[in-house]
């Protein structure tokens, strides 16, 4: 493919992007295909000779697109937002064009210094303490693992990296509603899943600090070393917020590393009306949130803040001769700030997004989503056959259908059936969780271009289907 072919084919892709967003509501939101449908349409062997772009692109349209779930559809209300935006897409195109390996400052000074500056912007936008320093990771799961590994090394005087585990008996704590990535992290870190202690939650699904305090004291009596507490700023199931200040005081009392997982809901902190939730943030050692969830920056882009960057660097730095440069003592080599040596230029798309929207524009978008959420919340509260089962802290509503006196098992089956009917229609896509063993449907309102009419149409469709189940 020469430059003329490239330009011609690029025009086709740009036309597709335009048409995709113009017609995105015409696609089934959740792919309606069955396992193997895509796999069986793809040849068993790679082509021996080159194929034309037209042939490849035709297969993209006819094979790939029908197998996609359309996360950018305004009728996508499942899981969590993974929203992008036009500025983010443009930044991503330029990142791919440059094709830079941004592992150290010298391999692309602009990438390192833009990342440093954009993380300062985010720190100010969120209202985080000035003694936090930021770096972009790929995901919050990786960030949590990095935090626990840093805690492990700092508390072992960086000995485990060299000698491995000897007689350390660490404990890590989170709530029963915390993200599954924490358990994965303690397994990878060698601490062991059995040493992850899950603390009971209160009626709002937030960690109970009294229970945490009690368990820590008991673990110390048993000879364990409390290593790290992971607090959730927006749990995956219901977006519950753990009491940061109370947990932070406990961590300070027992000298425990304190990590805050704000992967999804952290974006709300750009709104002044949510900054009160940061009370106690000064106790935290690390904090992570994902602009690729609810800040219109396409996946992947995870903003990780650390109070002691030297502990982070000491945990991950390896300096072979072929990576040494004359500038190492004067710059941030972000390969030393995480697991991977190779690094994408993620800061570029984030820079495009922040500048294109401006802080006020980002705030306006989030407030719009929150207003739509409150509108749907009111609709559910007014309906005699539905109930909300968790506080609506941000833009997630946990509700269920409860038309008559049924036992919990029957209600769970009924709501599962309702959810499947909604998703199998292709018109909308929602997902579920369980709270207190109750099957609840999660209504997540956060895609970039969602409008009130999309959410109301989904709610009305849900009510129509529910009537057929009576």
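Based on the alpha-carbon gyration tensor of segment 389-447 and its eigenvalue square roots a ≥ b ≥ c, which shape applies: rounded if a/c is under 1.5, prolate if not and a/b is larger than b/c, or oblate?
Since a/c reaches 1.5 but b/c is at least a/b, the shape of segment 389-447 is classed as oblate.
Note the per residue figure in Å³ for the convex hull of the C-alpha positions in segment 351-424.
Enclosed volume per residue, from the Cα hull, is 124 Å³.
Segment 3-78: D in µm²/s via Stokes-Einstein (Kirkwood Rh, Cα pairs, 20 °C, 1.002 mPa s)?
149
Among 228, 174, which comes first, second and so on when ranked by fewest other beta-carbon atoms within 10 Å?
Taking fewest neighbouring Cβ atoms as first place, the list is 174, 228.
Please provide three numbers in whole Å: the alpha-carbon extents of segment 1-158 along the principal axes, with the largest listed first.
Sorted from largest, the Cα extents of segment 1-158 read 56, 39, 34 Å.
Under the definition of Cα pairs under 8 Å and six or more residues apart, what whole-number percent is the relative contact order of the chain?
22
Could you tell me the center-to-center distance, by alpha carbons, between segment 118-186 and segment 336-379 in angstrom?
After rounding, the separation between the Cα centres reads 22 Å.
Along its principal axes, what span do the Cα atoms of the chain show, with the longest given first and each in whole Å?
Rounded to whole Å, the extents work out to 68, 60, 47 Å.
When only Cα pairs under 8 Å and 6 or more residues apart are kept, what is the percent relative contact order across segment 204-254?
Dividing the mean separation by the residue count of segment 204-254 yields 41 percent.
Under 1.5 on a/c is rounded, so check that first for segment 100-344, then, if it is not, pick prolate when a/b is larger than b/c and oblate when it is not; a ≥ b ≥ c are the square roots of the alpha carbon gyration tensor eigenvalues.
Judged from the Cα gyration tensor, segment 100-344 comes out oblate (a/c at least 1.5, b/c at or above a/b).
Given the DSSP H assignment, sum -39500 (n - 2.57) over each helix run of at least 4 residues in the chain and divide by its residue total; what's the result at 222 nm in deg cm²/dmol, nearest 500?
Rounded to the nearest 500, the figure is -13000 deg cm²/dmol.
Taking neighbour Cβ counts within 10 Å as the exposure measure, how do 293, 417, 377 sort from fewest upward?
Placing the least packed residue first, the sequence is 417, 377, 293.
Below 8 Å, C-alpha to C-alpha, sequence gap of six or more: please give me the relative contact order for segment 100-344 in percent.
26
Rank the residues 207, 1, 119, 103 as a footprinting-exposure proxy: fewest other Cβ atoms within 10 Å of their Cβ go first.
Fewest to most other Cβ atoms nearby, the residues stand as 1, 103, 119, 207.
Using DSSP, restrict attention to beta bridges with both residues in segment 100-344 and report what percent are antiparallel, rounded to the nearest 5.
DSSP beta bridges in segment 100-344 are roughly 40 percent antiparallel.
Kindly state, to the nearest 0.05, the FRET efficiency for residue 20 paired with residue 110, given R0 = 30 Å and r defined as their beta-carbon distance.
The formula returns an efficiency of 0.50 here.
Can you bin segment 294-436 into rounded, prolate or oblate? Criterion: square roots of the alpha carbon gyration tensor eigenvalues sorted a ≥ b ≥ c, rounded for a/c under 1.5, prolate for a/b above b/c, oblate for the rest.
Prolate.
The numbers here are math on the coordinates, done by the rules we state, and not lab data. Predicted model, so just to flag it, every value in this text is computed and none were measured. All Cβ positions, glycine included, derive from the backbone under ideal geometry; neighbour counts span all protein chains shown.
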